[in-house]
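Everything on this sheet refers to the single structure shown next.
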Amino acid sequence: MYCRSGQEFSTEHVAPPLRTRRWSEFGSETLSEMTVRARSDSGLRAHIHRRNLGPLGFVVVTSSAAEASSSAACPGPWAREADDCLMLTVLDHGRSSLSQSRWSADLEAGDIVIRDLNKPWISRSDADVGLILIKIPYSVAARSHPDPERLVGRHLSAADPRVAFASDVIRASKRALQAVDEESWNARLGPVLESVFHMICHDGPVPLGGEACGSHRSLHRAASGFIARNLADPDLSVGGVAQALGVSVRHLQRAFLDTGASPREFILQQRLAEAARLLGRNQGAQRRRITDIAFSLGFGDASHFTRAFTRHFGTPPSAYRSDAA
């Protein structure tokens, strides 16, 4: 059931056949578009509560054995309120594994890891588990570390006393939020958790990803996020992205050199990828027309969309939709 604020969901009062779908829907809104699969014969039992703490967000999750996975390249609406964010994950109890493209971490109680919701991820547990997630806006992360992307994949073990201290503060924050339903706690706990994050940034080991990320990579991330949020704008352009980020077009183009695609090509690729996703999920009575999907993604001409889609995927949109049915 959803609570009045829309910030909580539990499978308790949901019919068993609908639990994974409803859980996936709320999780997709909170984190990034995801699917959930129960790993227990008794089905899925889960509860999630989220709260905004100023610019930060605080999420408490309990679940029976399950696997959640996301192939999305953009955070969900709640996470995206911060424009762009990292997600600090604390294992409150049980055991869990978390992985992204370049790293994986097996977590035990008190361990901490930082993930990037702009990239696909998989979270898995074989038994009941409790997680605490803290949404860290990229702008906040940048105040604590000159290149926040280097924090992604950092697995901090609770065997380190400093990590254990950080975990204890985060768990105590959870208990305080559960015990005291007052807005004043939000204002008080936000700066505390930001300080904990700052401490984690400078006391941890080398990230598991091991990838050097300079200013160009950070600019590429900022540009990717801006493009993902503005795909529907028919006037989205390389010049407009550069202006929004306060850099020159040439500087923006250099940030894309190592990706194999220019900023203009990247914009088109992202629009086509989103179109493919929408074509694959729009079935039955709720199915949208192909032209409507094209216009909703900034294509001003349906024939231009069809040609671009066919070149990219090797099949026209109508055939792609039929194959996905």
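The values are calculated or read from the model by the stated rules, or taken from the named source; none is laboratory data. Predicted model, so just to flag it, every value in this text is computed and none were measured. Virtual Cβ from ideal backbone geometry, glycine too; neighbours counted across all protein chains shown. Accessible surface is based on the protein model in full, side chains and every heavy atom, while ligands, DNA and RNA are left aside. Shrake-Rupley method; radii C 1.70, N 1.55, O 1.52, S 1.80 Å.
Key figures for this structure:
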{"read-out": "Rg ratio (alpha-carbon, reference 2.2 N^0.38 Å) - the range 56-99", "value": "1.30"}
{"read-out": "Dipole of the chain [Lys/Arg +1, Asp/Glu -1 at C-beta], most positive-end residue of His93, Cys201, Phe299", "value": "Phe299"}
{"read-out": "Nonlocal amide H pairs with Ser32, under 5 Å, H built at 1.01 Å", "value": "Gly76"}
{"read-out": "For the chain, calculated [θ]222 nm from helices alone, where every DSSP H run of n ≥ 4 adds -39500 (n - 2.57)", "value": "-13000 deg cm²/dmol"}
{"read-out": "Carbon + sulfur, % of accessible area of the chain - ligands and nucleic acids excluded, 1.4 Å", "value": "51"}
{"read-out": "Formal net charge of residues neighbouring Thr89 (Cβ-Cβ distance under 15 Å; K, R +1; D, E -1)", "value": "+4"}
{"read-out": "Counted charge near Leu56, where neighbours are those whose Cβ lies closer than 9 Å (Asp, Glu -1; Lys, Arg +1)", "value": "0"}
{"read-out": "Accessible area per residue, Å², the chain with all protein chains present, probe 1.4 Å", "value": "48"}
{"read-out": "Residue-count net charge about Ala46 - beta-carbon cut-off 13 Å; Lys, Arg +1, Asp, Glu -1", "value": "+1"}
{"read-out": "Choice from Val14, Val61, Val129 showing the highest fluctuation, given a GNM over the chain with Cα pairs closer than 10 Å", "value": "Val14"}
{"read-out": "Spherically averaged projected area of the chain from its Cα convex hull (nm²)", "value": "17.6"}
{"read-out": "Leading residue at positive end of dipole, the chain (Cβ point charges), from Gly240, Leu268, Ala38", "value": "Leu268"}
{"read-out": "Dipole magnitude (debye, nearest 20) for the chain, charges at Cβ of Lys, Arg, Asp, Glu", "value": "720"}
{"read-out": "Ordering of 105-112, 86-93 by packing [mean C-beta count within 10 Å, highest first]", "value": "86-93, 105-112"}
{"read-out": "Distance between modelled label sites at Ala164 and Arg143, nm, 7 Å Cα→Cβ extension", "value": "3.0"}
{"read-out": "Selection from Ile136, Pro55, Ser71 lying farthest towards where the dipole of the chain points positive, charges on Cβ", "value": "Ser71"}
